[in-house]
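Following: one structure in C-alpha cells, then a few remarks.
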Amino acid sequence: MPESTFTSSQTKWKLPAKLSPVAFAFFMSSIMAFLMCLVITATNRGLSDGYLSAVLEAYRLAMPVAFVCVMGVRPVVIWLVRLTVRA
C-alpha cells in the first residue's frame, strides 16, 4: 500500500486538535484505572479463580471515575507545572 494512501486514510478518523486534552484524559484514565484495578484486586483477593472477572468489574466503576478526576484536576496540574518548570 502506498504511503500516501495510508496517511490520508489514517487522518480521516482523527479528532480535531482542540480535543487533545479530552483524548489525553481518556487514554491516561483508561490505562491508569486498569493498572490500579489489577494491583488492588490482586492485593485484596490474590490471583485466584475469578481474578480477571473481578478486575473487569472494578474497572467498570474505576474508569469513568478516573476520567472525570483527570478532567477535573487538569487545570490544577497545569498550574503546578507552570510553577515548577522553567519556560
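The values are calculated or read from the model by the stated rules, or taken from the named source; none is laboratory data. The model shown is predicted, which means the values in this text are computed figures rather than measured ones. FYI the Cβ positions are ideal-geometry reconstructions off the backbone, even for glycines, and counts take in every protein chain you see.
Numbers at a glance
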| quantity | calculated |
| --- | --- |
| For Ile78: the one exception among (1) surrounded by 14 or more Cβ atoms within 10 Å (Cβ to Cβ); (2) more than 13 Å from the chain's Cα centre (by Cα) | (1) |
| Near pairs, Cβ below 8 angstrom, 6+ apart or cross-chain, from segment 21-45 (free of Cβ contacts under 8 Å to residues at least 60 places away in the same chain and buried (at least 16 other Cβ atoms within 10 Å of the Cβ)) to any residue that is basic (Lys, Arg) and part of a helix (DSSP H, G or I) | Ala25/Arg74 |
| When residues of segment 46-75 are limited to those that are more than 27 Å from Ser20 (Cβ to Cβ) and of a type in the set (A, V, I, L, M), the one surrounded by the fewest Cβ atoms within 10 Å (Cβ to Cβ) | Leu47 |
| Selection from segment 26-57 of residues that are small (Gly, Ala, Ser) and part of a helix (DSSP H, G or I) | Ser29, Ser30, Ala33, Ala42, Ser53, Ala54 |
| Hey, Arg45 modelled with pLDDT under 95 and not aliphatic (A, V, I, L, M) or not | yes |
| Segment 29-42, residues that are within 19 Å of the chain's Cα centre (by Cα) and either farther than 19 Å from Arg74 by Cβ or modelled with pLDDT under 95 (or both) | Phe34, Leu35, Cys37, Leu38, Val39, Ile40, Thr41 |
